[in-house]
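Pasting a structure here, questions to come.
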Amino acid sequence: MSVEAEVVVIGRARQGKSFLGNCFDPDYDPEDDSEDDEPEQTFKTKEGIESCTSEIKSALFKKVKVPKASETVDLTYTDTPGFPDSDPKKTLEIFDKIVKYINDKRPEAIIWVINPSGRNPEDEKLYNRFSLLMKEFKKTGIFCAVLINNQGSKREFGSKNNKKEKAKSAYDTQISGYGIENFTYEDNIYYSYHYELLKGEVLKIVSRAIVSESSHGKARIFEDIRSEYEGQFDQSALTSKYRDSVNSEIAHLKSGIKWHKSQIEGCSGVLKSEGWNILSTVFTLGVANVVAGGITLYHQEELDDRKKSLKKRKKKLQSCNIEDVMKHAKKEFGEFCTILKALKQTEELEKLKERFPFLTETD
Ligand SMILES: Nc1nc2c(ncn2[C@@H]2O[C@H](COP(=O)(O)OP(=O)(O)O)[C@@H](O)[C@H]2O)c(=O)[nH]1
Ligand SMILES: [Mg+2]
């Protein structure tokens, strides 16, 4: 049987989003860089600084083999233009397009591709400038994952088994300023240090995404975010904004709980004979690990950890104290102002600050 799934891939230009899509095409050879007789690419990639993807484009790859599993995936890979762009207006245009697409299609996962080897200090700045927009993706309840695409060679990290660990810690420091936490949670970061491994990481994300969905939220286009600040902003509105954000954390924790539970069920031999449970268990852990059983312990610990955090969050929601509410409101207001500043909408910005002096004050 083949399971249907869609991933929407986002991120700055030149990170390898289109390249990754092409990897699913069995006729595509990334090593073949001969100028003439260039193979027809599903998603256009090009050397140079400019982004060469200007529209959202999807391709369906049928019966993609999942390593170590008998199931296959009919994978829709959706490539998007570089976001954020260095032109803030263009950034918002692209953002709105992606948001509308995601709300409409509800893909299984949203993947933010980052290429740390081509790291540009401007990328970091841009991701931070538009942190408010990155947060919108999280609100959908769709599984959000970060995929680190290092275009390096396999040799770079040595030939030992700890290659992946080494690569992981190297990347952790490189991406620490990107504001990953605005988009997803730290346990949703995937690493690849060679293009041959990229596909596998996407399939891992897909398998986890299928068991993970927890809430059905929507992302908002920029004008809807803006109109929020045009309305009356009283204490109850701020409180409900705060509650929404805690609720989204709760949804994420619940999704993690669901995932670890499914893994434990798989490990203890209650493998379900259909669908994703078996697929994700076998693939993400490997057959040997499942048999070994020690992995159950790992998932049990993770499960307990999340249950504890969930309790804490629920308490937070109950008490809902004014300090937390204001802290959250000020932060988001600051992020919104940062975007207006980038758009050079100084008048609007000043008006807004006058209207909401209580959000502008620093403690
Ligand atoms: N060798 C190699 N080249 C890559 C990899 N990822 C991206 N590239 C190259 O980097 C450039 C930018 O990639 P592209 O997919 O166009 O980036 P996008 O703007 O995010 O879609 C292209 O020339 C790709 O061929 C990789 O993992 N390995
Ligand atoms: Mg592209």
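Can you find, within region 2-21, the residue that is farthest from ligand 1 (Cβ to nearest atom) among those that are touching a Gly at 6+ places or on another chain (Cβ under 7 Å) and of a type outside the set (A, V, I, L, M)?
12
Can you work out which of the residues in region 47-66 that are among the hydroxyl-bearing types (Ser, Thr, Tyr) and within 10 Å of ligand 2 (Cβ to nearest atom) is modelled with the highest pLDDT?
54
State whether the residues of region 97-105 include one that is at pLDDT 95 or above, within 14 Å of ligand 2 (Cβ to nearest atom) and under 15 Å from the mean Cα position of the chain (by Cα).
Checked against the condition, which is being at pLDDT 95 or above, within 14 Å of ligand 2 (Cβ to nearest atom) and under 15 Å from the mean Cα position of the chain (by Cα), region 97-105 yields at least one hit.
Can you tell me which residues in region 94-147 are among the small types (Gly, Ala, Ser) and in a loop (DSSP other than H, G, I, E, B)?
Within region 94-147, 141 is the sole residue that qualifies.
Only residues that are part of a helix (DSSP H, G or I), surrounded by fewer than 18 Cβ atoms within 10 Å (Cβ to Cβ) and at pLDDT 85 or above: list them for region 148-196, please.
If the condition is that a residue be part of a helix (DSSP H, G or I), surrounded by fewer than 18 Cβ atoms within 10 Å (Cβ to Cβ) and at pLDDT 85 or above, then 181 is the only one that fits.
Does residue 205 fit the bill of being touching a strand residue (DSSP E or B) at 6+ places or on another chain (Cβ under 6 Å), closer than 30 Å to residue 65 by Cβ and part of a helix (DSSP H, G or I)?
yes
Condition (residue is touching a helix residue (DSSP H, G or I) at 6+ places or on another chain (Cβ under 8 Å), assigned by TED's automatic domain parsing to the domain that holds residue 113 and at pLDDT below 65) applied to region 22-31: is it met by at least one residue?
Within region 22-31 (the criterion being touching a helix residue (DSSP H, G or I) at 6+ places or on another chain (Cβ under 8 Å), assigned by TED's automatic domain parsing to the domain that holds residue 113 and at pLDDT below 65), the answer is no, since none of the residues qualifies.
The values are calculated or read from the model by the stated rules, or taken from the named source; none is laboratory data. Here the structure is a predicted model, which means the values were calculated and not measured. In this analysis, Cβ positions are derived from the backbone assuming ideal geometry, glycine residues included, and neighbour counts consider all displayed protein chains.
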